[in-house]
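Here's the structure, in structure tokens; my notes come after.
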Amino acid sequence: MAFECQESTEISKNLANYSESNHSSYNSAPENLETSKPSLDFNPKKGISSFYGSKQLPPNDVFTNARRSITDLPPALVSEILNCLDPKELGIISCVSTILHNIASEHHVWKEFYCERWGLPVASGLLGAGASDEKSWKKLFVERDFRSKTFLGRCSIDVLYGHTEAVRTVFLLASAKLIFTAGYDSVVRMWDMEEGLSIASSRPLGCTVRAVAADTKLLVAGGTDGFIHCWKAVESLKHLFDLKGVEKQNKEFRLWEHEGPITSLALDLTRIYSGSWDMTVRVWDRSSLKCTQVLRHGDWVWSLVPHDTTVVSTSGSDVFLWETNTGTLLNVIHNAHVGNTYALARSRTGDFLFTGGEDGAIHMFEIISGSDESSVVQVATWIPHSGAVYSLAFEFPWLVSASSDGKLALIDVRKLLRASKRTLGKRVSRDNDIDQRNIEPPQRMLHGFGCNLFSVGIGADRIVCGGEEGVVRIWNFSEALEIEQRARALRGIRLESRMRRRRLQIEMNNKGGRTDQCSVAAKKKTVNGDRNSVWHSKRSISSKVKT
């Protein structure tokens, strides 16, 4: 990679004229070049005019010295160039030279890559003591990207018992290693994600709980009676929430305004989002606990997913994109599915939307935000299920779906994304239109259930699911890489042993003489001997006499 000064056009013309006018002088008087020393000072502001100021300098040398590598550019310009690369390209740049390796490895863009895919790390201790953020973000990114392949490996399955009826909703809070579940038994249960043990359960809320959402500050559950039951986190508790109400610190309250069953809930830093069969989505302020926006639909609201200042909701078979600050409807996807659209999921950057519906199909859309309006473009479609898709969850690059056919589908969407400036997965890699025949089917299907899987959640190395059976299942992929590495090591040992035996055999054959004589003798004297010999005939006669 080389760069020229801004005056390259004029310089090339001057070099051409210079070479033509002085070509004969170089051939006729070579001794002048030996006696005079050219000046090689380079001044970026003056271009390379100082190079050819002395007529003793050959044109080839002038042209060679006029080029500089990327490392000669100002650091700010190098940083802007690296900002335009995706992680793969940045990794290739780091392999070019030691200088570029140091620049690319310590670049702050690795932090942006990580946060755009997975958000901030679960534990701040991952950065390590004494290590600066810039020096460790690349390592964190590479490790997390490598571990994202674990969902194709082996796993263990834990079955959690405790609910007495069907489980309608599950929520995985990976930052606190907690799982929240609820269902027809009107009880919200909290589980330890690592151990698979029940931590606490709430008192019966009096109705079916169809939605649960949580972060490290607040836990909310939506009932079919139209209320939102909330628990605030207790700092003194290891597991954050006092579901049983033992602490009695006014940490438990309800929000009432919906006139129908609540079907979906979501949280961000400042708002609570709730969707209901009263055909509305309500936006609540977390500090004042008051409803600030009411987004009205023409049919039951089944699901919603917010991002930044927008929220996507499903009503009937349509999908709506709203601006939450003003309540403006930005776009509508009409008849996204045949029948109701039950499930939604969204990428962390908010650019990609996934929908699942009654027809068993899963659609992927790209949301392109413009200055005036936002457009939605369909990218891909999968039909992995024979029943309705009730729930979707996304953790880059995996999309997992739960269906009424009792199966989970895992889809890797990495190949459908490409990097754009400072954002991974900002655009869709398509030439005009993506050929549906080139879209890969789901990479994995998880079986072993009854019918009707109602909800699913996904974390870094776990998948949680609940359904009509009344149990919660956890697929643990945390040891998949270690198992695969041990299996590869054993295969390598066997291969090495086989190659060693083959080398020894080749060495013995190359010694000549003795090996050839042994093989000739073996051919002459067979193992079974001569069946026509006297010994065999006598043995056969004696056996007949005994008989």
Near the amide H of L330, under 5 Å away, which other amide H atoms are found, from residues 5 or more places off or on another chain, if H is placed in the peptide plane? L321, W322, E323
Given a 1.4 angstrom probe, what's the average accessible area per residue across the range 271-366, in square angstrom? 34
Taking the Cα-to-Cβ direction at I99 and at R503 and moving 7 Å from each Cα, how far apart do the two end points lie in nm? 4.2
Taking the Cβ-Cβ separation of R296 and E80 as r and a Förster radius of 45 Å, what is the calculated FRET efficiency to the nearest 0.05? 0.50
Under 12 Å, Cβ to Cβ, from E195 - net charge with Lys/Arg +1 and Asp/Glu -1: -2
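For an R0 of 30 angstrom, estimate the FRET efficiency from the Cβ-Cβ distance between S236 and L269 and round to the nearest 0.05.
Details: r = 23 Å, r/R0 = 0.77.
After rounding to 0.05, the efficiency reads 0.85.
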Report the label-to-label distance for I383 and K217 in nanometres (one decimal), using points 7 Å from each Cα along the Cα→Cβ vector. 4.5
Zone residues, the range 334-358, relative to S369, backbone N less than 14 Å from point 7 Å out along Cα-to-Cβ: 347-353
At E195 and H447, where each label point lies 7 Å from the Cα along Cα→Cβ, what is the point-to-point distance in nanometres? 3.5
So what is the relative contact order of the range 153-259, in percent, for Cα pairs below 8 Å that sit 6 or more residues apart? 18
Search the structure for amide H atoms under 5 Å from the amide H of R444, placed 1.01 Å from N in the peptide plane, and list their residues when 5 or more places away or on another chain. L410
Pairs K149/K238; K111/K290; K149/K177; K138/K415: which are spaced more than 28 Å apart, C-alpha to C-alpha? K149/K238; K111/K290
Working out 0.36 nm times the residue gap between E482 and R414, then minus their Cα-Cα distance, what length gain in nm do you get to one decimal? 22.1 nm
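The values are calculated or read from the model by the stated rules, or taken from the named source; none is laboratory data. Quick caveat, the model's predicted, so the values are computed rather than measured. When we count neighbours, we look across all protein chains shown, and the Cβ atoms used for this are built from the backbone with ideal geometry, even at glycine. Just the protein is used for accessible areas: all its heavy atoms, side chains included, with ligands, DNA and RNA removed. Shrake-Rupley method; radii C 1.70, N 1.55, O 1.52, S 1.80 Å.
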